[in-house]
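Nothing in this text is a laboratory measurement; each read-out follows from the coordinates by a stated rule. Everything numeric in this text was worked out from a predicted model, so none of it was measured. Here the Cβ positions follow ideal geometry from the backbone for every residue, glycine too, while neighbour counts run over all protein chains shown.
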């Protein structure tokens with residue numbers, strides 16, 4: 001019998017007021033798997049991550065994490081169960097220093113391998129700037145701090161929302177180069193990306209969303225460029 | 001017109017420099033009390049953008065709880081703090097979890113209206129239970145003890161204790177805010193409540209802890225208020241105004257600023273009272289308005305990124 005997936009999203013519908021953003025979206029993530037969710041602006045990628053993280057609750061459908069339902073669980077509790085979100089736009093706490101931003105990530109006191117020292121090893125430039133206010137960092141450093149903050153909770157599942165947004169390609173490559181370390185420590189990843197090539201390189205499995213529906217999914221190496229662009233642009 | 005005014009200048013007592021110093025010093029000491037009124041207000045606004053209109057009435061409520069404790073257990077007002085502080089903290093936590101959390105959102109108006117309603121309820125509840133009679137907490141001989149600093153300059157023991165406690169409270173709050181995990185959680189929640197949830201902070205709990213802390217400070221302020229002067233159920237709103245004025249003078253978000261704000265207000269009132277007894281409160285309000293006009297961000301605004 002195959003092992004149950006770490007995360008299972010079953011046919012969720014999500015709304016902003018009257019506007020429906022997700023239509024019966026299903027997705028599953030295995031342990032130590034990297035799943036990329038790609039799609040155009042407004043396809044529902046961020047909504048999917050917010051629904052998993054508990055920042056919004058789907059109207060229909062179910063989300064199982066480690067076989068227990070988290071569909072209606074509040075965001076702080078989803079984090080405590082082991083799902084951390086790196087939000088779009090980094091969203092560091094501006095009145096906290098870099099180190100305080102990392103330390104507050106460990107607020108949930110989840111046991112695990114990620115400590116302040118390990119995060120500084122992963123992102124050495126943060127260690128040099130630990131006492132600076134978070135807003136004094138460059139965009140790329142802020143992204144590293146946001147990832148570090150999420151890692152401090154020792155998540156089993158790390159959700160990354162548009163981590164390449166607004167960053168120079170060299171910085172994006174630098175950040176993605178560290179992703180295998182995170183997986184090696186035992187976490188699964190869901191990466192939401194607009195940069196399709198970056199997503200395909202990093203992921204084992206790809207979901208392509210189009211107007212709130214899963215238009216295409218499959219193992220990253222089996223998807224053809226034509227199939228992806230058809231699903232991406234809906235042509 | 002009584003025709004008294006033209007003669008006023010001659011009737012006004014003339015003070016020498018030392019006597020003026022004494023007056024200013026008394027203003028500084030009372031400023032400590034105002035700073036304690038202000039610290040709780042500033043804390044709550046800082047963490048959750050809630051303007052607590054019932055703050056003054058909660059100070060008076062703390063005074064009445066202290067009155068009951070001192071009478072029931074026959075202890076001194078200072079000893080009563082051991083019970084009044086935790087009691088007010090529990091009231092704060094419960095009030096926030098049960099009521100005020102439901103009013104928080106993008107709109108500043110609902111918490112304003114609800115705490116205004118709360119203010120009326122507390123005033124009338126106290127009136128019903130304790131009547132409109134003036135009460136006072138008796139602290140014994142310490143109330144009138146004083147020592148002479150120099151010629152014409154006297155320091156009362158009680159005002160001095162009150163001032164030292166105020167400094168201790170402000171220093172404690174500063175330390176808690178900038179040196180502890182709880183303070184970090186307060187600042188993070190203040191920065192961005194929804195991301196605070198993403199790092200595992202239950203913001204409802206964090207807000208309730210902030211209100212518990214605010215009312216713990218209120219308890220200390222209430223007991224000192226009640227030892228210093230008479231109180232009755234209706235004096236809360238004026239204490240709220242003093243607290244507000246101290247916060248605005250000092251600059252929002254800065255705890256040491258509230259101490260300076262309290263002192264400025266206390267000194268203005270003390271000097272005003274010497275010019276004319278009717279000017280005591282007016283002088284405080286005028287200084288407040290003047291600072292608001294010239295430096296609306298307050299004297300020590302918290303620099304934010």
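Results, tabulated for the structure shown:
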read-out: Inter-chain Cβ neighbour average for residues A:47-54, partner chain, 10 Å; value: 1
read-out: Debye intensity ratio in log₁₀ form over the Cα atoms of chain B, taken at each q of 0.11, 0.16 Å⁻¹; value: -0.69, -1.36
read-out: Per principal axis, descending, Cα span of the range A:45-134 in whole Å; value: 46, 26, 19
read-out: For A:28, A:229, A:188, order by how many other beta-carbon atoms lie within 10 Å, fewest first; value: A:229, A:28, A:188
read-out: Proportion of all alpha-carbon pairs of the range B:136-266 beyond 20 Å (%); value: 57 percent
read-out: Antiparallel content of DSSP bridges confined to chain A, in %, to 5; value: 55 percent
read-out: Peptides A:61-74, B:51-64 ordered by average Cβ neighbours within 10 Å, highest first; value: B:51-64, A:61-74
read-out: FRET efficiency, 1/(1 + (r/R0)^6) with R0 22 Å, evaluated for residue B:73 and residue B:133 via beta carbons; value: 0.55
read-out: Contour excess over end-to-end distance, with Cα ends at residue A:16 and residue A:165 and 0.36 nm allotted per residue; value: 51.3 nm
read-out: Peptide-level mean, for A:105-114, of C-beta atoms on other protein chains within 10 Å; value: 2
read-out: Taking A:57, A:205 and counting other C-beta atoms within 10 Å, the order from fewest to most; value: A:57, A:205
read-out: Geometric extent, Cα atoms of the range A:81-141 - Rg, Dmax (angstrom); value: 11.7, 32
read-out: At 1.306 mPa s and 10 °C, Stokes D of the range B:60-170 from Kirkwood alpha-carbon radius, µm² per second; value: 93 µm²/s
read-out: Whole-percent pair-distance distribution, where bins are 20 Å wide, for the alpha carbons of the protein assembly as shown; value: 19, 41, 26, 12, 2, 0
read-out: Calculated FRET efficiency for the pair residue A:72/residue B:160, C-beta based, R₀ 41 Å, to 0.05; value: 0.15
read-out: Rounded FRET efficiency, nearest 0.05, which uses the C-beta distance separating residue B:181 from residue B:282 and R0 of 51 Å; value: 0.70
read-out: Shielding of A:87-97 by partner chains, average beta-carbon count, 10 Å; value: 4
read-out: Rounded Å value of the spacing that divides the Cα centres of the range B:187-237 and the range A:33-74; value: 35 Å
read-out: Distance between the range A:156-190 and the range B:16-82 - C-alpha centres, whole angstrom; value: 52 Å
read-out: Fewest-first sequence of B:291, B:120, B:155 by Cβ atoms within 10 Å of each Cβ; value: B:120, B:155, B:291
read-out: Segment residue A:62-residue A:132, length gained on full extension (0.36 nm per residue, minus Cα span); value: 21.0 nm
read-out: Solution diffusion estimate, µm²/s, Stokes-Einstein, the range A:7-233, Kirkwood Rh from C-alpha pairs, 10 °C, viscosity 1.306 mPa s; value: 90 µm²/s
